[in-house]
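Everything below concerns the one structure shown next.
The values are calculated or read from the model by the stated rules, or taken from the named source; none is laboratory data. This one's a predicted model, so the numbers in the text were calculated from it and none came from an experiment. All Cβ positions, glycine included, derive from the backbone under ideal geometry; neighbour counts span all protein chains shown.
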Ligand code: C2E
Ligand code: MG
Ligand code: MG
């Protein structure tokens with residue numbers, strides 16, 4: 001080996017070592033260039049590097065093969081090296097020369113061998129890191145996982161936040177149906193292609209990760225929003241090699257566009273916006289792509305606050321019964337009342353619309369209803385003991401109760417423990433939800449009936465199964481929702497007028513007592529009379545009243561009629 005060649009060798013060697021020792025500034029092209037210069041110097045015709053994660057992979061030939069040098073004349077292997085890393089991965093390197101070239105002398109062989117070992121050590125370090133990375137940041141099918149998402153958010157935080165980006169969570173629409181239609185294997189292919197399309201559209205500035213199942217979460221630059229929306233709304237995806245068989249794939253999604261003021265502190269700031277939004281989008285038939293708005297978050301926060309405060313509030317008896325009178329429109333007599341709940345919180349009255357729907361999301365509503373029934377029984381007991389003449393009072397029971405097989409016993413237990421005659425209590429059940437079967441409803445209404453407790457269908461006309469519901473279940477009272485009550489008599493033949501008239505007469509034919517809700521004007525009282533609906537409940541006579549005011553109404557007993 002002459003001096004000149006030795007010097008050239010040192011220069012390349014040093015550069016190669018430098019390039020490998022500085023992973024942050026590693027440039028693959030530069031590295032390959034140097035390797036080739038090195039090979040030129042020693043007439044190496046071909047170099048092959050192999051990487052196997054395990055012995056088994058090596059046996060099966062299941063690894064990565066890298067060939068960065070091949071001038072087509074590599075006939076004779078001159079050096080072979082195989083190293084096993086601590087993690088039991090295998091890296092192999094083989095160098096070839098041409099049979100036309102002179103064999104390497106001993107010094108040359110030593111130098112080439114040294115170089116080869118350095119490269120193999122470098123490759124093993126690098127590949128292992130990547131294998132580890134895959135292990136930590138990809139799921140079992142090779143999709144980036146939630147950890148990858150968290151890491152990305154961490155990087156975004158360092159770069160100054162989410163402004164200019166959109167975060168989203170999406171769920172493939174009816175993918176199980178597609179799987180059934182085209183088969184599992186084709187389904188997998190479609191699944192991956194759709195992901196690839198999304199991922200390529202988003203590019204390196206963003207990320208798409210799989211949360212599990214067919215749920216994905218992503219962040220992308222606002223510049224690609226339109227393209228992303230196109231994919232979410234539906235694209236044809238091929239499921240054979242030639243791309244002839246296609247199926248349309250779309251998603252439901254919740255998106256959050258960060259504005260300037262959005263402060264990204266942790267992933268929670270993003271999750272709490274996109275997860276509930278995507279949940280709503282999933283259950284929405286008409287609009288499957290929803291953008292987060294602050295109002296929704298407020299609503300959710302309020303919901304959680306209410307649910308959290310409820311147990312304490314119940315214990316402290318912050319819920320009060322307000323009584324709304326029911327009046328006979330022919331005689332002016334006070335004939336009944338409805339118990340309506342009010343939450344007195346910090347001296348303010350919270351109307352039920354603000355907390356009943358929230359309590360109905362759990363079984364908290366059932367606790368409240370029993371509490372109300374008990375409070376009503378206590379009042380009636382007190383009135384009776386004072387020698388007053390109480391009226392039949394209705395208590396609202398949520399449909400949530402219907403699945404409770406002990407409901408009837410529970411109601412009777414409360415009424416009887418205050419020794420309240422059964423004819424003073426009425427139970428109102430709404431017809432608006434359709435999710436509980438008739439069977440439960442019939443069982444409960446029948447049971448109450450046997451005990452002499454009246455039952456009322458509340459809000460009749462708001463639901464869907466109205467006619468069936470009143471035919472099949474032995475109710476006593478029909479409460480007609482105020483949406484059925486005409487505002488005035490201006491047009492006797494308007495749909496509302498006609499429907500109201502027929503509902504009232506139908507109820508009477510079946511033998512149901514009729515109450516019209518929401519009677520606000522003298523004109524409406526007149527409409528009731530003309531249609532022979534005897535009982536009115538509404539602001540015209542009274543709003544729901546606190547108990548002391550209601551007591552004075554009871555004493556007076558008669559209302560003035562228009
Ligand atoms: P609901 O059972 O249909 O009660 C009648 C609602 O109509 C009451 O609203 C009452 O204040 C209102 N109302 C009465 N007359 C008029 C009127 O002339 N004009 C208008 N615009 N409204 C009138 P409120 O008290 O806000 O209660 C709303 C709903 O909350 C009730 O509707 C009932 O479904 C539910 N709710 C109230 N208390 C309870 C309870 O203790 N348990 C259960 N499960 N639900 C309750
Ligand atoms: Mg009611
Ligand atoms: Mg009602």
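Scanning segment 1-30 for residues that are within 20 Å of residue 125 (Cβ to Cβ) and surrounded by 16 or more Cβ atoms within 10 Å (Cβ to Cβ) returns 13, 15, 16, 19, 20. The single condition among (1) modelled with pLDDT of 90 or more; (2) surrounded by 14 or more Cβ atoms within 10 Å (Cβ to Cβ); (3) not assigned by TED's automatic domain parsing to the domain that holds residue 264 that residue 126 does not satisfy is (1).
Note on segment 504-519: among residues that are surrounded by 15 or more Cβ atoms within 10 Å (Cβ to Cβ) and part of a loop (DSSP other than H, G, I, E, B), the one that is nearest to ligand 2 (Cβ to nearest atom) is 518. Restricting to segment 326-347, name every residue that is modelled with pLDDT under 95 and either over 35 Å from the mean Cα position of the chain (by Cα) or within 16 Å of ligand 2 (Cβ to nearest atom) (or both). If the condition is that a residue be modelled with pLDDT under 95 and either over 35 Å from the mean Cα position of the chain (by Cα) or within 16 Å of ligand 2 (Cβ to nearest atom) (or both), then 347 is the only one that fits. Restricting attention to segment 522-559, the residues that are over 16 Å from residue 488 (Cβ atoms) and not in a loop (DSSP other than H, G, I, E, B) total 14. Being in a helix (DSSP H, G or I) and more than 29 Å from residue 285 (Cβ to Cβ), is that true of even one residue in segment 139-148? Yes, segment 139-148 contains a residue that is in a helix (DSSP H, G or I) and more than 29 Å from residue 285 (Cβ to Cβ). Residues that are surrounded by 12 or more Cβ atoms within 10 Å (Cβ to Cβ) and touching a residue at least 12 places away in the same chain (Cβ under 8 Å) within segment 544-561 comprise 544, 545, 546, 547, 550, 551, 553, 554, 557, 558, 559, 561, listed in sequence order. Restricting segment 444-463 to residues that are within 39 Å of the chain's Cα centre (by Cα) and more than 15 Å from ligand 2 (Cβ to nearest atom), the residue that is nearest to residue 411 (Cα to Cα) is 448. Within the set 78, 65, the sole residue that is within 22 Å of residue 124 (Cα to Cα), assigned to a strand (DSSP E or B) and modelled with pLDDT under 90 turns out to be 65.
Of the residues making up segment 75-115, those that are farther than 18 Å from residue 58 by Cβ, without any contact (Cβ under 8 Å) to a residue 40 or more places away in the chain and touching a strand residue (DSSP E or B) at 6+ places or on another chain (Cβ under 8 Å) number 8. Say we look at segment 327-345 and pick out the residues that are closer than 17 Å to residue 536 by Cβ and within 10 Å of ligand 1 (Cβ to nearest atom); which of these is surrounded by the fewest Cβ atoms within 10 Å (Cβ to Cβ)? Per the stated criteria, the residue is 340. Residue 493 meets the conditions (1) more than 20 Å from residue 332 (Cβ to Cβ); (2) more than 42 Å from the chain's Cα centre (by Cα); (3) surrounded by 13 or more Cβ atoms within 10 Å (Cβ to Cβ) in every case but one. The failed one is (3). If you check 33, 37 for being in a helix (DSSP H, G or I), in the same structural domain as residue 114 (by TED's automatic domain parsing), surrounded by fewer than 17 Cβ atoms within 10 Å (Cβ to Cβ) and more than 55 Å from the chain's Cα centre (by Cα), only one passes: 37.
For residue 149, are the conditions met, namely being in contact (Cβ under 8 Å) with a residue 40 or more places away in the chain and out of contact with any strand residue (DSSP E or B) (no Cβ under 7 Å at 6 or more places or on another chain)? So residue 149 fails the test. Among all positions in segment 384-406, there is at least one residue which is crowded, with 19+ Cβ neighbours inside 10 Å, away from ligand 2 (no atom under 16 Å from the Cβ), more than 30 Å from residue 308 (Cβ to Cβ) and more than 32 Å from the chain's Cα centre (by Cα). If we scan segment 482-495, do we find a residue that is in the same structural domain as residue 457 (by TED's automatic domain parsing) and touching a strand residue (DSSP E or B) at 6+ places or on another chain (Cβ under 7 Å)? Taking every residue of segment 482-495 in turn, at least one turns out to be in the same structural domain as residue 457 (by TED's automatic domain parsing) and touching a strand residue (DSSP E or B) at 6+ places or on another chain (Cβ under 7 Å). For the criterion of being modelled with pLDDT under 95 and farther than 25 Å from residue 550 by Cα, residue 405 passes.
Scanning segment 310-324 turns up no residue that is at pLDDT below 95, surrounded by fewer than 18 Cβ atoms within 10 Å (Cβ to Cβ) and farther than 25 Å from residue 537 by Cβ.
Annotation: of all residues in segment 520-540 being touching a residue at least 40 places away in the same chain (Cβ under 8 Å) and within 16 Å of ligand 2 (Cβ to nearest atom), the one that is surrounded by the most Cβ atoms within 10 Å (Cβ to Cβ) is 536.
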